[in-house]
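I have placed the structure first, in the form of C-alpha cells, so that the comments after it can refer back to it.
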Amino acid sequence: MNAYRSLRESDPQAFAALKGEMKREEEGLELIASENTVSPAVLDALGSVFTNKYSEGYPGNRYYGGQDFTDVIETLAIDRAKELFGAEHANVQPLSGAAANLAAYVSVLAPGDTVLGMDLSHGGHLTHGHPVTLPAKVYRFVRYKTEADGAIDYEKLEALALSEKPRLMLAGFSSYTRQIDYARFAAIAAKVGAVTMMDMAHIAGMIAGGALPNPVPHFDIVTATTHKTLRGPRGGLILCKEAFARAVDKAVFPGVQGGPHMHMVLAKAVAFGEALRPEFREYAAQILRNAKAMESEFVSLGYSIVFGTTENHMLLIDTVKSRGVSGRDAQEWLDAAGITLNKNVLPDDPRGPMDPSGVRIGVPAATTRGMKEAEMRQIVLWIDRALRSGGRKRELSAIRREVKALCKAFPIYR
Ligand code: DSN
C-alpha cells in the first residue's frame, strides 16, 4: 500500500476506490475467463514514466525526437513476441484486441469485401462481424456456427467458403471451449484464395506456454490481447507472415491509431519475458488441468456443459437447463458470494444478452494465485450452492466467508 503513498495523499477519493478494488481482488475469486492478475513487475512497468512519451512511428523511424529508450523497449517487446510464438513479424502497438482486429481487417480488406467469422452466440467476438460494430458496416461479414456437439463442421465451412468467396477467413473466439483444426481451416481458405486470420486473444498464454497448439504457422495474420491468459497489461498484439508486415504496420499506425502507449509496450515486453520462462509452461499446463477438474465436478453434479466439453481455460454452463437459474441471476448471486464471472449467451440463445441462458467461467486468474484441482472442485461446490440458494442473502454471505478464507490462503500480491 505504501507504493501508492503519493496517490493517497494527493487524491484520497481516487485512492479509496483503488483500495476497494485491491481488496475486492484479494478477497474474491476471479473467474471471468478473459481476466488475470499481472505480476508486480508488469504493474511497475505500467506505472512508469514511459506514459509521458509520444512515439508515433516504429523503432528507428519516429516522428518525434527523444526516442532512445522507446526504441529499446519496443524492439524488446517485438523480439520477445516473435520468439514466444515463432512469428515472422510482430506489431506490439495495438491498444486493445478490438483495435488489433480492426487494423488486421484494414491491412487486407477493401470496403465491401466478404469475411467469414464465427457467430457471436456460438462463441465469436463482437469484432468478428456483429452487426452493431463498425467493421460489420464497412465489410460484408458472413458468420458460421458450431454444431450441436460443439464442434465446427469443416465440410459445411468449406461449402460456405466456396459459395461466399471470402477475401478473409477468420478463426478465433471469445466464448468457445473447443480446439480449432488450424490446418483444416487454412486448407479451406487456400481453396478459395482467402487470407487467413486467427484471433487467439483468449488462449494466447496457453499457446505461449505450450499447452495448446500454435496457430501462427498456419495463419497469415494472428491477433491477440496481452492481458488474458498471456497475463500481461491490457493491450493488443498482431503477429503475421513477413508478406503482410508492411500492410499490418501501416494499418496500425497511421491507419487506425495515433501514438502508441509506451508504458503499455514496456509492460508487454516484461510480460512476454515472463512467458518465455519455464514457470510459464507449468502455469499454462495447470490452467488446462484446473479447467478439466472443474468440468468433471460440474458433470458429476449433473450440469449441462455447453459445446460438450472444454479443451482450453474456460467452461460455458447452461444454468437455465442445469438449475433453472438465468445467467443474470447466476452472475448476481455469485457476485454476492464473492465469485466473479459473467453471464453469457449460448448458441442461438432464446434469451437476450442481458439475461441469457448461461455463464462463462474461466480459471486463468485463480490458477495465477496458485490454486489447483482441489480448489477448483471446491469452487464448483460453492457455485452449485449459490445457484441452489434462490438468491437468499444469508446463504450467499456464508459462501462469501468461505471464499474469503480460501483466498487468504492464496494471496495475489504477497
Ligand atoms: N471482453 C473480452 C471477453 O471477455 O472475452 C473479449 O474482448
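The values are calculated or read from the model by the stated rules, or taken from the named source; none is laboratory data. Bear in mind the structure is a predicted one, so any value in this text is a computation, not a measurement. Counting neighbours? That spans all protein chains shown, and the Cβs are built from the backbone with ideal geometry, glycine included.
Of all residues in the stretch 167-193, those satisfying the criterion of being surrounded by 24 or more Cβ atoms within 10 Å (Cβ to Cβ) and part of a loop (DSSP other than H, G, I, E, B) are Phe173, Ser175, Tyr176, Thr177.
Is one or more of the residues making up the stretch 47-70 within 27 Å of the chain's Cα centre (by Cα), closer than 30 Å to Val363 by Cα and away from the ligand (no atom under 16 Å from the Cβ)? Yes, that holds for at least one residue. Contact annotation: no residue pair with Cβ atoms under 6 Å, 6 or more positions apart or on different chains, pairs a residue in the stretch 175-203 that is modelled with pLDDT under 95 with a partner that is away from the ligand (no atom under 16 Å from the Cβ) and outside any loop (DSSP other than H, G, I, E, B).
Looking at this structure, is Arg246 without any contact (Cβ under 8 Å) to a residue 60 or more places away in the chain and either within 28 Å of Gln93 (Cβ to Cβ) or away from the ligand (no atom under 16 Å from the Cβ) (or both)?
yes
For the condition aliphatic (A, V, I, L, M), crowded, with 22+ Cβ neighbours inside 10 Å and part of a strand (DSSP E or B), Leu316 qualifies. Within the stretch 145-158, residues that are in contact (Cβ under 8 Å) with a residue 40 or more places away in the chain sit with their Cβ atoms under 8 Å from residues that are assigned to a helix (DSSP H, G or I), at 6+ positions apart or across chains, in these pairs: Lys145/His122; Thr146/His122; Leu157/Phe185; Leu157/Ile188.
Among the residues that make up the stretch 376-394, is at least one of them of a type in the set (A, V, I, L, M, F, W, C) and more than 17 Å from Phe298 (Cα to Cα)?
Applying the first criterion (of a type in the set (A, V, I, L, M, F, W, C)) to the stretch 376-394 yields 376, 379-383, 386-387.
Then drop every residue that is not more than 17 Å from Phe298 (Cα to Cα), which leaves none.
No, the stretch 376-394 contains no residue that is of a type in the set (A, V, I, L, M, F, W, C) and more than 17 Å from Phe298 (Cα to Cα).
Being buried (at least 23 other Cβ atoms within 10 Å of the Cβ) and part of a loop (DSSP other than H, G, I, E, B) is a description that applies to Thr229.
Filter the stretch 50-74 for residues that are free of Cβ contacts under 8 Å to residues at least 60 places away in the same chain and closer than 16 Å to Met264 by Cα; which is surrounded by the fewest Cβ atoms within 10 Å (Cβ to Cβ)? Going through the qualifying residues, I end up with Asn52.
If you check Ala148, Ala159, Ala190, Ala183 for being within 30 Å of Asn290 (Cβ to Cβ) and either within 16 Å of the ligand (Cβ to nearest atom) or more than 24 Å from the chain's Cα centre (by Cα) (or both), only one passes: Ala148. Within the set Glu25, Glu30, Glu35, the sole residue that is within 24 Å of the chain's Cα centre (by Cα), away from the ligand (no atom under 16 Å from the Cβ) and not small (Gly, Ala, Ser) turns out to be Glu25. So for the stretch 208-226 (the condition being within 12 Å of the ligand (Cβ to nearest atom), aliphatic (A, V, I, L, M) and not in a loop (DSSP other than H, G, I, E, B)), does at least one residue qualify? Yes, because at least one residue in the stretch 208-226 is within 12 Å of the ligand (Cβ to nearest atom), aliphatic (A, V, I, L, M) and not in a loop (DSSP other than H, G, I, E, B).
Does at least one position in the stretch 288-298 carry a residue that is over 18 Å from Ala33 (Cβ atoms), in contact (Cβ under 8 Å) with a residue 40 or more places away in the chain, surrounded by fewer than 17 Cβ atoms within 10 Å (Cβ to Cβ) and in contact with a helix residue (DSSP H, G or I) (Cβ under 7 Å, 6 or more places away or on another chain)? No, there is no match, as no residue in the stretch 288-298 is over 18 Å from Ala33 (Cβ atoms), in contact (Cβ under 8 Å) with a residue 40 or more places away in the chain, surrounded by fewer than 17 Cβ atoms within 10 Å (Cβ to Cβ) and in contact with a helix residue (DSSP H, G or I) (Cβ under 7 Å, 6 or more places away or on another chain).
The residues listed here are Ala104, Ala98, Ala136; of these, the one that is surrounded by 24 or more Cβ atoms within 10 Å (Cβ to Cβ) and either within 30 Å of Gly273 (Cα to Cα) or not acidic (Asp, Glu) (or both) is Ala104. The set of residues from the stretch 384-414 being within 20 Å of Thr37 (Cβ to Cβ), of a type outside the set (D, E, K, R) and at pLDDT 95 or above comprises Val403, Ala405, Leu406, Cys407, Ala409, Phe410, Pro411, Ile412. Within the stretch 77-88, the residues that satisfy the criterion of being touching a Leu at 6+ places or on another chain (Cβ under 7 Å) and either aromatic (Phe, Trp, Tyr) or surrounded by fewer than 24 Cβ atoms within 10 Å (Cβ to Cβ) (or both) are Arg80, Glu83, Phe85, Ala87. Of all residues in the stretch 252-264, those that are closer than 18 Å to Gly232 by Cβ and touching a residue at least 12 places away in the same chain (Cβ under 8 Å) have Cβ atoms under 8 Å from Cβ atoms of residues that are charged (D, E, K, R) and not in a loop (DSSP other than H, G, I, E, B), 6 or more apart or on another chain, in Pro260/Glu74; Met262/Glu74.
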